[in-house]
Each structure stands twice: as structure tokens, then as C-alpha cells.
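What follows is a set of notes on a single structure, which appears directly below.
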Amino acid sequence: MCIVRVYVRTFQNEEHTDLFLLFCQKIKKECFSNDIKINLTVLQNEINKSQVTSIWKYEDEKHLKTVRTYLAKHVKMPNSLSSKEIVYSGEVIIDPSD
């Protein structure tokens, strides 16, 4: 069963936001290079440029754990990028591909 997690992060300033976006790009490249399958969409608020929404889609609980374990071991974001974070998570009931 597919799992989706949505993270809404608000950073202190646009420079921190830009650094976070660079990390997201790096994460995608590193995961691809290491055969870690990820489904990540990142949105930046058009009005408040310091707000970023990340949408992660996982095949199942095992895939979620695999990706999160890999990220925890291999991707280190500086603590200075600490942001206010809201997380929404749930199993997908209706999907466009169904």
C-alpha cells in the first residue's frame, strides 16, 4: 500500500531555503546514483519564498524505511537550516493511477 508524506517547512530566510533546495537536488542525484528509488516532489511557495513543501511517495512501509535509513546515513543537512516543520502522512486510498 502506497504511503505519502508531505512536509511543509518554513525557513528563516530565502538563503536557507535556497540551500535546502540544493540539498533536495543533491539527494535526488545521490539516490539515483546508488539505485535508491525515490519519488520526491518539491514546491516553493510563490508568495512566501521561505516556505517549501516536499512530497514523498513510498511504495510501502519497507520502501519508506529503506529511503529514510539511507538518507539518515548519507545526507547531512546543517543544523543552521533548522526550519519550522509540519508533517502530514497517510496511506493512499485513491490514486490517479487506479
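Okay, here's what the table says:
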| read-out | value |
| --- | --- |
| Subset of the stretch 24-50 [open to solvent by 40 Å² or more (accessible area, probe 1.4 Å) and in contact with a helix residue (DSSP H, G or I) (Cβ under 8 Å, 6 or more places away or on another chain)] | Glu30, Asn34, Lys37, Val42, Gln44, Lys49 |
| Residue pairs meeting the criteria (Cβ under 9 Å; at least 6 apart or on separate chains; first under 12 Å from Val67 (Cα atoms), in the stretch 24-48; second of a type in the set (S, T, N, Q)) | Ile36/Thr66; Lys37/Thr66; Leu40/Ser54 |
| Extreme residue, surrounded by the fewest Cβ atoms within 10 Å (Cβ to Cβ), among residues of the stretch 73-98 that are modelled with pLDDT under 85 and small (Gly, Ala, Ser) | Ser97 |
| Test: Tyr58 is touching a helix residue (DSSP H, G or I) at 6+ places or on another chain (Cβ under 7 Å) and open to solvent by less than 70 Å² (accessible area, probe 1.4 Å) | yes |
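The values are calculated or read from the model by the stated rules, or taken from the named source; none is laboratory data. None of the values given here were measured: they were computed from a predicted structure. Glycine also receives a Cβ, built like all others from the backbone with ideal geometry; neighbour counts cover every protein chain displayed. Each accessible area value is taken on the protein alone, full model and side chains, heavy atoms only, with ligands, DNA and RNA left out. Shrake-Rupley method; radii C 1.70, N 1.55, O 1.52, S 1.80 Å.
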